[in-house]
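Below you'll find the structure, written out as structure tokens, and then a few comments.
The values are calculated or read from the model by the stated rules, or taken from the named source; none is laboratory data. Since the structure is predicted, the reported quantities are computational estimates derived from the model, not experimental observations. Note: ideal-geometry Cβ built from the backbone for every residue, glycine included; neighbour counts use all protein chains shown. With ligands, DNA and RNA removed, areas are computed over all heavy atoms of the protein, side chains included. Shrake-Rupley method; radii C 1.70, N 1.55, O 1.52, S 1.80 Å.
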Amino acid sequence: MRVSMILNHNSTTILLMLLSCSWAEAMNHRQKPITDTQESGITFETFTGSEAVKQVDVPRISGMPQIPDTYKMMDWKERAERYDAYVFDWDRNDDVGPLIWSDTTDCNGLSDGFGLFTTVGDIRQISRSGACHEAINCMASVMGGGLMGIDKTNQDGRNYARMVQKYFARDNGWNIFLNSTMRNAADWWYNVLPNLLWLGVYDIFPDVAEARDILHTVADQHAESDSVMGNCYDYSYFDFSRMLPYNEKGIMQQDVAGGYSYILLNAYREFGEQKYLDHAINAMEVFNSQKESRLYEIIMPFGIYAAAYLNAAYGKEYDLQKMLDWNFDGCMAESGRYGWGVISEKWGDYDVYGLQGSITDGGGYAFLMNSFEMAWPLVPMVKYAPQYARMIGRWMLNNASASRLFFPDQIDDEHQYAPDLKSLTGGAVGYEGLRKTDRYHTFDVSPIAEGDGPSWLNENPVCSMFSLYSTSPIGIFGSMISTTDVEGIIRLDCNVTDLYAERKYPVNMYYNPYNVATKVTYCLEHIMPGRIRYHGASDDAYDLFDIVTRAYVARGITGDTIIEIPADNSRVLVELPSGTQLLLGSDGRIYDQEKSVIAWSEGLKGAR
């Protein structure tokens, strides 16, 4: 999971690269984006019906079971709340002790910060002091808690959303979020993921001091970086202080172009500055033009979301089918993260379909953090690319079921490395990984829940297999996944992680894994973190409109209601105040009377 790289700056080589990959050249070949408002000449008529969106297969997901043989759905909401309470307990005096400490190091303009153990008992952090902590852990915990509706700006009198601004690298001139408060990494995904996490933190807690200005600076830095690279992202990281890209050991992370597009697209949606949209499109052009999967860690799914949105809102024709295949089949390039993809297998007696990680290391090595975070962009993507609702629904059912196996109380003792230490997790912290075979050659079982902690340092204890950095994004699942009154059918909230989008009405996806149409109760309970404020109250009458069939499922309903889901298919339901007038635009989109988009036209012609 951890990859260390050594700086090796070669200015001559970089100059030649930049001359061949200029921003100006990319600009000359870019199509001018269209707008998504009625000002572009759209005409409207009363909506009376429409063709359904034809579902498109993703081969690797098609190979997953409709419902796993070993299916079990954990209460992700309860587990996420338990994790937050366990990790943010400053006064615990059990065998583990507090997993959090105060970081008073004066850096990046702040002295008030906090650190979390990367893993339980990590010897590097045993002093519980100083700046030895990570953004991908601490920022994920703040975002995850915020998604659950926990006020991280005033939790026990502490403003954690402000504290994580210590990761905003002012002191070294990078002026983006980094994984450490003290240094940068020569490893691109470590420098991109913290900025994705900041998008989440800011979207949930926009009123924190300096937050908006910091996001503006982050966007400017990525726009300038995109200008420097132009139509070439063939690098392993980018130095934001020198504004130069670098290559280390030939391990290139070109999927970062998709991450850039996601960051800049959301900056455009927040600030409305055209330059951010232009750079988002340029980065996407680079991502879309790649010839093979360059999946490196966890950035690619964000690019897929950005492509889906740009297709739907701006008339682009980016190849979502290709991108989804890249993401799920994985990277087979020797110059990239070879073997990194999505697992589609049963290991021993356990279904582990849908987990993300290495599909080659020891026969397969899945990671909890990645399996959580891939859902963040791909579940809301179905709003803009509903042709993939069936596939994303099936993948998430498998992923959410299998992800429980990282937790010591959810997998039998025989298939975990340290069952005698499970009490140290508080029933909240999961193992870092799930492997097909034991990397330590101690146990001959498959699968086995374990982690890399003891391999980082000889002194690290076995309990360092229990991973906070892996579990901290659990709020993604906790806010997104709800069980229903039918075993095997879950509800996926498509709005909670659709950052910066107009989320006017609740949108939820239900996937039916059975080969017969199945009835299930539609529940009115919704989580509304951050800026989500739905029009219409839940105690008023409402209509349910399915953007997959582009038809009403129910009208004039009060309270929870029964809906029917077609066999082996998904419904993506928009909950509208009853009587909302729907309009069909000449662009094929369906709007409400205020011209807010209810259903995009993407998917009516199949995959792009």
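Name the strands (runs of 3 or more DSSP E) wholly within the range 465-552 that hold at least 3 residues that are within 23 Å of the chain's Cα centre (by Cα)?
On the way: elements: 481-483, 490-493, 507-512, 518-522, 542-546.
Correct list: 481-483, 490-493, 507-512.
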**Asked** What are the residues in the range 429-444 that are surrounded by fewer than 16 Cβ atoms within 10 Å (Cβ to Cβ) and touching a residue at least 24 places away in the same chain (Cβ under 8 Å), if any?
**Response** Thr442, Phe443
**Request:** Quickly run through the range 518-530 and pick out the residues that are of a type outside the set (S, T, N, Q) and surrounded by 14 or more Cβ atoms within 10 Å (Cβ to Cβ).
**Result:** Val520, Tyr522, Cys523, Leu524, His526, Ile527, Met528, Pro529, Gly530
**Message:** Restricting to the range 313-335, and then to whatever is outside any loop (DSSP other than H, G, I, E, B) and open to solvent by 10 Å² or more (accessible area, probe 1.4 Å), can you tell me which residue is farthest from Tyr268 (Cα to Cα)?
**Reply:** Asp329
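Conditions tested, residue by residue: (1) closer than 16 Å to Met243 by Cα; (2) surrounded by fewer than 22 Cβ atoms within 10 Å (Cβ to Cβ); (3) in contact with a helix residue (DSSP H, G or I) (Cβ under 7 Å, 6 or more places away or on another chain); (4) among the aromatic types (Phe, Trp, Tyr).
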site	(1), (2), (3), (4)
Asp187	yes, yes, no, no
Asn195	no, no, yes, no
Trp198	no, no, yes, yes
Tyr202	no, no, yes, yes
Arg212	no, yes, no, no
His216	no, yes, yes, no
Gln221	yes, yes, no, no
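Tell me, which residue of the range 271-312 that is part of a helix (DSSP H, G or I) and of a type in the set (Asp, Glu) is least open to solvent (accessible area, probe 1.4 Å)?
Filtering the range 271-312 for residues that are part of a helix (DSSP H, G or I) and of a type in the set (Asp, Glu), the one least open to solvent (accessible area, probe 1.4 Å) comes out as Asp278.
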**Asked** Where residues in the range 445-459 are open to solvent by less than 10 Å² (accessible area, probe 1.4 Å) and of a type outside the set (D, E, K, R), which of them is farthest from Thr521 (Cα to Cα)?
**Response** Gly453
**Message:** Quick check on my filter: what residues within the range 207-240 are in contact (Cβ under 8 Å) with a residue 60 or more places away in the chain, part of a loop (DSSP other than H, G, I, E, B) and farther than 15 Å from Gly258 by Cα?
**Reply:** Phe240
**Message:** Of all residues being open to solvent by 10 Å² or more (accessible area, probe 1.4 Å) and in contact with a Ser or Thr (Cβ under 7 Å, 6 or more places away or on another chain) in the range 472-510, which is nearest to Val164 (Cα to Cα)? Just the residue, please.
**Reply:** Glu502
**Message:** I'm checking my understanding of the structure. Among residues of the range 132-171 that are in contact with a strand residue (DSSP E or B) (Cβ under 6 Å, 6 or more places away or on another chain) and part of a loop (DSSP other than H, G, I, E, B), which one is least open to solvent (accessible area, probe 1.4 Å)?
**Reply:** His133
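Test of understanding: among Tyr350, Tyr365, Tyr384, Tyr338, which residue is touching a residue at least 60 places away in the same chain (Cβ under 8 Å), of a type in the set (Phe, Trp, Tyr), over 19 Å from Ala140 (Cβ atoms) and surrounded by fewer than 24 Cβ atoms within 10 Å (Cβ to Cβ)? Let's see the steps before the verdict.
On the way: Tyr365 fails: surrounded by fewer than 24 Cβ atoms within 10 Å (Cβ to Cβ); Tyr384 fails: surrounded by fewer than 24 Cβ atoms within 10 Å (Cβ to Cβ); Tyr338 fails: touching a residue at least 60 places away in the same chain (Cβ under 8 Å).
Being touching a residue at least 60 places away in the same chain (Cβ under 8 Å), of a type in the set (Phe, Trp, Tyr), over 19 Å from Ala140 (Cβ atoms) and surrounded by fewer than 24 Cβ atoms within 10 Å (Cβ to Cβ) holds for just one of Tyr350, Tyr365, Tyr384, Tyr338, which is Tyr350.
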